[in-house]
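Accompanying notes for the structure given below.
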There are 2 protein chains.
Amino acid sequence: MLKAEIYITLKKTVADPQGLTIKHALDSLGYKEVEEVRIGKLVTVKLNINDKKEAEQRLNEMCKKLLANPIIEDYSFKIEEV
Amino acid sequence: MLKAEIYITLKKTVADPQGLTIKHALDSLGYKEVEEVRIGKLVTVKLNINDKKEAEQRLNEMCKKLLANPIIEDYSFKIEEV
């Protein structure tokens with residue numbers, strides 16, 4: 001069994017109003033040191049296979065087809081055995 | 001300048017209907033090896049300070065006060081220099 005953590009983030013050029021709102025909220029709570037906040041998704045997937053190479057290929061497909069929007073988002077993942 | 005990646009996940013005992021929906025969608029796309037999908041948030045924060053110890057303490061506060069809901073969510077983070 002493998003477990004993958006997939007990190008999906010907005011591309012740098014894409015505006016992130018949710019992150020901006022959180023930055024302002026932190027600012028008004030006194031966290032003036034916060035320069036930027038960007039919000040992304042963390043998708044944890046358990047896979048019933050043991051071959052990391054195969055998992056990598058399948059996860060790339062899943063990200064491109066369903067999990068991430070390649071026009072506005074980047075993704076990366078790491079795989080570990082569980 | 002420090003950059004923190006904050007990982008916010010639902011506690012294991014909390015149901016994740018969004019994750020379940022994605023699992024079903026992956027299943028119908030032919031990814032039968034997917035056993036479980038859980039959805040969390042990835043918050044990237046740039047901090048205008050250089051002391052990692054101080055950043056750690058401030059980030060813990062931010063997570064408890066605003067970013068995570070400690071009743072249903074767990075959080076962790078890693079800090080790096082940028």
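The values are calculated or read from the model by the stated rules, or taken from the named source; none is laboratory data. It should be emphasised that the depicted structure is a prediction, and the values quoted were computed from it without experimental measurement. Reconstructed Cβ throughout: ideal geometry from the backbone, glycine too, with neighbour counts over all protein chains shown. Heavy atoms of the whole protein, side chains included, go into the accessibility calculation; ligands, DNA and RNA do not. Shrake-Rupley method; radii C 1.70, N 1.55, O 1.52, S 1.80 Å.
Brief remarks on what is shown
- For the protein assembly as shown, the solvent-accessible area with a 1.4 angstrom probe is 57 square angstrom per residue.
- Length added when fully stretched, residue A:69-residue A:12, from 0.36 nm per residue minus Cα-Cα: 19.1 nm
- Segment residue B:28-residue B:80, extension gain: residue separation times 0.36 nm, minus the distance between their alpha carbons: 14.8 nm
- Sequence of B:23, B:46, B:12, B:53 when ordered by accessible area, the most exposed leading, probe 1.4 angstrom: B:12, B:53, B:46, B:23
- Among the residues of A:42-53, the average count of other protein chain beta-carbon atoms within 10 Å of the residue beta-carbon is 5.
- 10 Å Cβ neighbours from other chains, averaged over peptide B:20-33: 3
- Exposure rank, largest accessible area first [B:31, A:75, A:7; 1.4 Å]: A:75, A:7, B:31
- The range B:2-81, accessible surface, carbon-and-sulfur percent (1.4 angstrom probe): 50 percent
- Rounded to 0.05, the FRET efficiency of the residue A:21 and residue B:49 pair, given R0 = 25 Å and the Cβ-Cβ distance, is 0.70.
- Summed buried accessible area for A+B [probe radius 1.4 Å, Å², rounded to 100]: 2900 Å²
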